[in-house]
Every structure is written in structure tokens, then in C-alpha cells.
1. Mind checking which pairs have a first residue in the range 161-173 that is within 19 Å of MET115 (Cβ to Cβ) and a second that is within 16 Å of the ligand (Cβ to nearest atom), Cβ under 7 Å, 6 or more apart or different chains?
2. Which of the following residues is under 30 Å from GLU329 (Cβ atoms), within 13 Å of the ligand (Cβ to nearest atom) and hydroxyl-bearing (Ser, Thr, Tyr): THR248, THR177, THR256?
3. Consider GLU361 carefully, then state whether it is touching an Asp or Glu at 6+ places or on another chain (Cβ under 6 Å), without any contact (Cβ under 8 Å) to a residue 40 or more places away in the chain and not aliphatic (A, V, I, L, M).
4. Out of all the residues in the range 112-122, is one or more away from the ligand (no atom under 15 Å from the Cβ) and assigned to a loop (DSSP other than H, G, I, E, B)?
5. Going residue by residue through the range 183-203, is there one that turns out to be open to solvent by 40 Å² or more (accessible area, probe 1.4 Å), part of a loop (DSSP other than H, G, I, E, B) and within 15 Å of the ligand (Cβ to nearest atom)?
6. Which residue, of ALA127, ALA165, is more than 8 Å from the ligand (Cβ to nearest atom), under 22 Å from the mean Cα position of the chain (by Cα) and either not aliphatic (A, V, I, L, M) or not assigned by the TED database to the domain that holds ARG402 (or both)?
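The values are calculated or read from the model by the stated rules, or taken from the named source; none is laboratory data. It should be emphasised that the depicted structure is a prediction, and the values quoted were computed from it without experimental measurement. All Cβ positions, glycine included, derive from the backbone under ideal geometry; neighbour counts span all protein chains shown. Areas reflect the complete protein model, heavy atoms only, side chains present, ligands, DNA and RNA absent. Shrake-Rupley method; radii C 1.70, N 1.55, O 1.52, S 1.80 Å.
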Amino acid sequence: MDRIRIIGGNKLNGTIPISGAKNAALPLMIAALLTDETLILENVPRLADVALLQRILGNHGVDIMSAGKRPGDREHQGQTLHISAANIIDTTAPYDLVSKMRASFWVIGPLLARMKEAKVSLPGGCAIGTRPVDLLIMALEKLGAEIVIDGGYAVARAPQGLHGATIDFPKVTVSGTHVALMAATLAAGTTVITNAACEPEITDVADCLNKMGAKVTGAGTPRIVIEGVAKLHGARHAVLPDRIETGTYAMAVAMTGGDVQLQGARPELLQSALDVLTQAGVTITQNNEGIRVQRNGAGIRPVEVSTAPFPGFPTDLQAQLMALMTRAEGASHITETIFENRFMHVQELARFGARITLDGETATIEGRPTLRGAPVMATDLRASVSLVIAALAAEGETMVNRIYHLDRGFERLEDKLSACGATIERISG
Ligand code: EPZ
């Protein structure tokens, strides 16, 4: 199993290109199931989760062609995928595939809308919480689906096709909003989603669906209206930049000090996180190329932060902020409100000498002037990268184990960091 070795203490200086967003690329690829024409997606990050979803879609009979590099393409541009679901040969998503990646459960929406049936394994729990799918099922039932749970599978049918409905989510859910939105594009009549998730990835998917001929308005607000159409067609769409990758590198620079340009980043996608970094004493400036992050000399000021749905502080940056606050000049408080068990990194950060105590959903972090490198491992993607951030500033060597988590969501992490002066290498085997 690959590991990453880091010798901490170097400042980061240079440019980091920001990749396409994993959490937009995955639902966009799934949206290709809604049409028998080709969906061309540009700026798709080269990630293990994308490769796994290609396999899962392949199981349904979807053809995916990855275009080669063309003259003039920038060196590290994301890939272009040509996705054709002309012939869906199987409407079952089996346990062994869905259990590897929760988002693959979302195929239930497009399959049901287009094929009138789907049998999709329930994804089960994961390291960050129980993560049920009850709200996804509720939304599809409102749209007219009959769903039973049988042998660990959600077996869904809509023999007459789906129909428009009002879907009022009792809590904000990204997965529920994606699935309801995709399914409603082909439902007969009008669907109104209230208390919808406002995350930029929802807006990106809605933009793509509209290019495919859907009639979606209000994406990015809590009220989305979808006028169903009989058929969607092919389109070309570029995945938006990854706001979580952007925030992660911004926190890495805040941690080590230095001056880094985050190329292609869009500040409006993570304003709440940039505001927190500014409060912590980091200089953030926007320019034509993206976002510039600088911390020179000044210490890190402690902060009080609660995670919240967009536009609030993202849960997917909570672990990274905690790593940063281990070196703040005072005590910080970070409250996790989205997932009940998303503190797995606390034990591992303690191995660097961090002082963190947990009280329910709130962590208190007593900042310390120095961390020391250690062997560490983590159980989810964002927790893993928080350990990398700690290691970049820790004295001595850190070995991060189980880095397959990192490969799920960070494209060329070690290349991007080493190009800015970090001592970081991947050790194979
Ligand atoms: C998405 O997960 C992201 N995943 C997560 O990123 C992210 O942390 C999360 O949204 C919140 O922003 C992808 O986009 C692929 P939810 P999702 O539905 O859609 C509860 C990462 O590291 N809930 O908004 O699964 C749920 O348990 C990942 O990239 C129900 O109770 O999140 C949670 O407490 C991790 N019933 C809350 O809602 C349901 O049916 C929000 O979940 C669905 C969700």
C-alpha cells in the first residue's frame, strides 16, 4: 500500500493549479444516464473516485471515452470524458460497487426517470457517520416511484413514469437535492424542491442539465423549480473548480507560511472559509488568475467556527482547519453540525503533539508553537489531508499511511505541494 513521506518545516511558495471539483464531476457523470446522446465533460479530475464511477457506469452499459491531450492543452489540464448511455443494459447497481463509493447510489434517480426501474444496493454507513438515504427515497416516492428494500437493495419502479411533485426536505441534503433534481428533469409536470441544498456543485449540475435541454430554475437557492421534459440530449460542460481543494491548499499555506497563487480558484465558491482564514491572520487576495494566499511572519490567530450547509463553512474543510488551529496562538473551537462522527482525525492529530479535546460535537484546540512528525493514518479523505497539513509544519518526518483515501479526492497532491517547496514523496508498495 502506498504511503506519503513528508519532512516538515518548509514554507510553500509558488503556484498550485486547482482541479475540477470531485463532488461536481461525480453527479455530472451520473447525469449522463438521463440521455441516449453523448455528454462531454471537460476538466474532470483524474481521481480514484472518478475511475471507480466509470466502472460503475460501465456496468450499466455506459461507454466512456477519455479524450487524449490536444495541442495547446495546458500540462495538467483535467481530462475530457465523452459519456454515452445510448444503451442501458442493466438497471442494477450491485453491492460490491456501491459499497466502495456512496455517491454511486445516486444512479437510482436517473435510472428510474429514464428506465422506469432501478435496483441499487444501499450504501451502508461510513467512517464519518451513518449517512442514511431515507430522504433520497422520500424524494423519489414523492415523484411517484414505488420503492421497497429487499435483500439490502432499494428496488424502485415507476411503471407509468415519474410525475412532478413538491419535495420539501426536512434537512438540507446535497445527495437528496442531486437525486431529486436529476429525476425531476424527466418527470411529467412541475417539481418544486424546497429547503434545497445551495452548494455550488448543485448549481453546476443544474447548469449542465439545462444545456442538455432540462428546464431548471432556482439552483443555488433553497427553492428549485423543474419543468419536466420528455427527453434530454447531449451537451458539453466543463466541471467547476474544486472549492475544497482550494480551501485545503489555502490552509496548507496558512500553516507553513509563504505565498501561493491558487490558479483557477473562484473565491465566491468558498467565501466563508476565506473569511475564517482572514480572521486567522492570513492575507487573501483575488486576482484575474485565481486566489493568492500569503502568511509571512504573523502568527495564526484562533477562531470559532461551526460547519454549515453552503454558504456556511463546509464540513469538508473542518479537519483541515483543525490541523491549522493546532498551531494557533490560543484556543479555538470548531463545531461539526453536518456529520455526527467526523472527528476521526483528532486522535491522529494528537500524534503530532496537538492538544484537542472533544465535547459532543465541539472540539477545543489548544494551539501550540510546534508539532512533531509521526507515523499517522486516517479513515477518510478530508481527515487524511488534514494530517498532510499538520506534517508540512511539523518538525521532522511524518509517514502518512493508507493514502488511497487521498487519491480518491486530491489530484497529484504530492506533485502540487512539492512544486511549491514541500519535501513530500510517495513511497510505493
Ligand atoms: C455530500 O455528501 C458530499 N459528497 C460530501 O463530501 C459532503 O461532506 C456533504 O455533501 C456535505 O456537504 C459528495 O458530493 C459526493 P448530505 P452527501 O446528503 O450528499 C443526512 C467528501 O469528503 N442525510 O448533504 O452524502 C446525512 O447523514 C464528501 O468529499 C440524511 O439524514 O451529504 C448528513 O448528516 C464526504 N438522510 C446530512 O444529511 C438522507 O437521506 C447531509 O448529508 C441523506 C442525508
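1. LEU162/LEU112; LEU162/LEU143; LEU162/ALA145; LEU162/ALA183; HIS163/LEU143
2. THR248
3. yes
4. Within the range 112-122 (the criterion being away from the ligand (no atom under 15 Å from the Cβ) and assigned to a loop (DSSP other than H, G, I, E, B)), the answer is yes, since at least one residue qualifies.
5. Checked the range 183-203: at least one residue is open to solvent by 40 Å² or more (accessible area, probe 1.4 Å), part of a loop (DSSP other than H, G, I, E, B) and within 15 Å of the ligand (Cβ to nearest atom).
6. The match here is ALA127.
Results for (1) modelled with pLDDT under 95; (2) within 15 Å of the ligand (Cβ to nearest atom); (3) of a type in the set (A, V, I, L, M, F, W, C), shown as yes or no for each residue.
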position	(1), (2), (3)
ARG327	no, no, no
ALA331	no, no, yes
LEU349	no, no, yes
ALA354	no, no, yes
THR357	no, no, no
THR364	no, no, no
GLY367	no, no, no
MET377	yes, no, yes
LEU387	no, yes, yes
